[in-house]
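Structure, as structure tokens:
The values are calculated or read from the model by the stated rules, or taken from the named source; none is laboratory data. Everything quoted here is computed from the prediction, not taken from an experiment. Glycine also receives a Cβ, built like all others from the backbone with ideal geometry; neighbour counts cover every protein chain displayed.
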Amino acid sequence: MQPFFKHIKPAADLILTLIYWTYFTLGYIIFFLPLYLWSAFFSKDPEQSFQKLNHLFYKGFFGLVRSITPGLNFDIDEQVLSVRSSIIVCNHISYLDPILLISLYEKHKTIVKNIFFKLPVFGWVLKRSGYMPSASDAKLSEVMLRQVEGMHEYLASGGNLFVFPEGTRSRDGNIGKFEKGLFKIARFCHAPVKVFFIQNSNRLFYPGKFLFNTCTKNVIKLKLIGEITFDKQGKMPPVDDMIGMVRSMMETYNMDSGKKS
């Protein structure tokens with residue numbers, strides 16, 4: 001870290017964090033909420049309109065972060081940007097990970113923790129966006145079932161479903177235990193699985209911290225590291241085999257990238 005940034009870092013962390021959160025609150029309420037309301041009542045395809053608005057909102061957020069955060073760069077694999085009609089699995093190290101993926105894909109769905117569906121306004125946006133709850137819940141099971149039943153058609157139309165199979169953020173960067181639900185959906189939909197790996201998003205926004213970590217050299221990387229597709233008979237591997245394959249890809253890449261750094 002350069003001496004100048006070292007001395008101003010505490011103040012910069014606070015000021016830039018306030019700017020980011022101002023975008024999230026005032027930007028959401030003033031500029032985007034009216035658009036969500038318009039889409040809910042007048043759009044021919046409200047779900048797709050909500051997904052596009054989510055994409056634009058978070059794309060704007062990362063554009064802001066990229067432009068005003070000293071020392072921060074992004075390295076997004078071109079292959080990542082071209083993925084369509086796929087189920088995407090990715091490691092999870094920061095709250096920034098899901099919104100980064102939303103910022104990359106205009107047509108997308110994801111699985112979100114149940115508790116967020118119960119929040120005022122935000123929960124309504126999640127439901128109207130076609131996102132799915134993460135676990136069975138009497139009030140949300142119908143939402144989950146409806147989305148899964150329509151997933152094959154959604155993927156065929158060019159949409160992506162991205163999921164973090166660990167279910168929660170890793171605190172130490174190691175790959176956690178995988179949930180099976182995603183891989184069952186992949187077999188049900190007969191969809192290719194693309195394996196992503198994200199690095200250093202936790203250096204910008206540490207788990208459990210309120211302030212963003214700015215004024216330090218950091219490159220947030222997102223790479224396509226492998227995929228699982230159909231065999232010669234047009235079938236997907238069994239769920240347990242897919243889990244083993246994805247885990248192996250992630251652990252190998254994590255180990256190799258650690259050796260290079």
Check: Given the conditions (1) under 30 Å from residue 128 (Cβ atoms); (2) outside any helix (DSSP H, G or I); (3) modelled with pLDDT of 90 or more; (4) charged (D, E, K, R), which single one is not true for residue 221?
Finding: (1)
Margin query: So, restricting to helices (runs of 4 or more DSSP H) that lie completely within the range 44-124, which ones have at least 2 residues that are out of contact with any Lys or Arg (no Cβ under 6 Å at 6 or more places or on another chain) and loosely packed, with under 14 Cβ neighbours inside 10 Å?
Written below: 46-68, 78-81
Next item on the list: Among what's in the range 152-203 and is of a type in the set (S, T, N, Q), surrounded by 13 or more Cβ atoms within 10 Å (Cβ to Cβ) and touching a residue at least 24 places away in the same chain (Cβ under 8 Å), pick the residue that is farthest from residue 94 (Cα to Cα).
Entry: 160
Notebook entry, point to check: Among 207, 238, which is surrounded by fewer than 17 Cβ atoms within 10 Å (Cβ to Cβ) and within 17 Å of the chain's Cα centre (by Cα)?
Noted result: 207
Next item on the list: List every residue pair whose Cβ atoms sit under 9 Å apart, with the two residues 6 or more apart in sequence or on different chains, where the first one lies in the range 54-65 and is closer than 13 Å to residue 108 by Cα and the second, anywhere, is among the small types (Gly, Ala, Ser) and at pLDDT below 95.
Entry: none
